[in-house]
Amino acid sequence: MSSEPARPAPTAESPLPRRSLAVCALIGAAVMAAVDEVVFHQLLHWHHFYDRSTRGVGLLSDGLLHTAELLGLVAGFFLYADLRRRRALAPAHGVAGVFLGLGAFQLFDGVVDHKLLRLHQIRYGVDVTGYDVAWNTGGLLLLLVGAALAVRAGRRERDHDRDRAREHHRDQGRDGNPDRPTA
């Protein structure tokens with residue numbers, strides 16, 4: 001017989017749409033950082049995260065990006081598991097969050113890192129205009145998909161809440177007494 005006390009079963013909480021969206025956005029941003037780092041930095045060797053110094057500094061910057069991306073993934077999945085454990089995950093908001101995170105990372109990288117800070121370019125030795133347009137358009141499309149999914153999830157949530165309120169009001173009767181039938 002085990003001497004450990006029995007753990008209480010997880011209680012069902014109501015879904016947490018904003019938290020679900022934020023947690024999954026963190027996961028989406030970390031996934032896009034991983035795709036960028038693995039594909040463009042490691043496989044294609046097009047650039048490093050910071051290309052304005054020596055090759056060694058560029059490799060160090062890639063390692064730091066990889067560390068941040070892994071920390072984001074680990075933290076995101078722990079937070080996701082907590083939402084699932086507490087039965088507080090709002091799946092539609094979560095899917096929207098993933099797309100928002102993917103697009104936010106990509107657009108931030110394309111606009112801030114590539115153009116404003118000039119930490120690196122997508123590729124060197126070629127005209128980058130087409131690459132920039134494709135990268136930033138892809139990020140914008142991912143953001144738009146995420147925003148559309150978030151709006152849709154919000155509408156469904158409001159409709160569901162409204163329907164539950166109507167049922168509750170109908171069950172309570174006009175004067176709030178559930179035992180008295182309505183006229």
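The values are calculated or read from the model by the stated rules, or taken from the named source; none is laboratory data. All figures in this text were calculated on a predicted structure; none of them were measured in a lab. Cβ atoms come from the backbone with ideal geometry, glycine included; neighbour counts cover every protein chain shown. Side chains included, ligands, DNA and RNA excluded: accessible areas come from the protein's heavy atoms. Shrake-Rupley method; radii C 1.70, N 1.55, O 1.52, S 1.80 Å.
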In the set 123, 87, 55, 118, the lone residue that is under 19 Å from the mean Cα position of the chain (by Cα) and over 22 Å from residue 30 (Cβ atoms) is 87
Take residue 102 and tell me if it is open to solvent by less than 50 Å² (accessible area, probe 1.4 Å), closer than 20 Å to residue 30 by Cβ and under 13 Å from the mean Cα position of the chain (by Cα). yes
What about residue 97, is it assigned to a helix (DSSP H, G or I), closer than 16 Å to residue 35 by Cβ and either β-branched (Val, Ile, Thr) or open to solvent by less than 30 Å² (accessible area, probe 1.4 Å) (or both)? no
From the list 83, 79, 21, 119, exactly one residue is of a type in the set (A, V, I, L, M, F, W, C) and farther than 24 Å from residue 156 by Cβ. Which is it? 119
Cβ contacts < 8 Å: first residue open to solvent by less than 80 Å² (accessible area, probe 1.4 Å), restricted to region 43-54; second residue of a type in the set (Ser, Thr, Tyr), any location; separation 6+ or different chain. Result? 46/124; 47/124; 48/61; 49/61; 50/61; 51/124
The lone condition residue 112 fails out of (1) assigned to a helix (DSSP H, G or I); (2) of a type in the set (Val, Ile, Thr); (3) touching a Phe, Trp or Tyr at 6+ places or on another chain (Cβ under 9 Å) is (3)
Hey, could you check region 19-42 for residues that are crowded, with 17+ Cβ neighbours inside 10 Å and β-branched (Val, Ile, Thr) and say which is nearest to residue 121 (Cα to Cα)? 31
Return the total of residues in region 25-68 being of a type in the set (Ser, Thr, Tyr) and assigned to a helix (DSSP H, G or I). 2
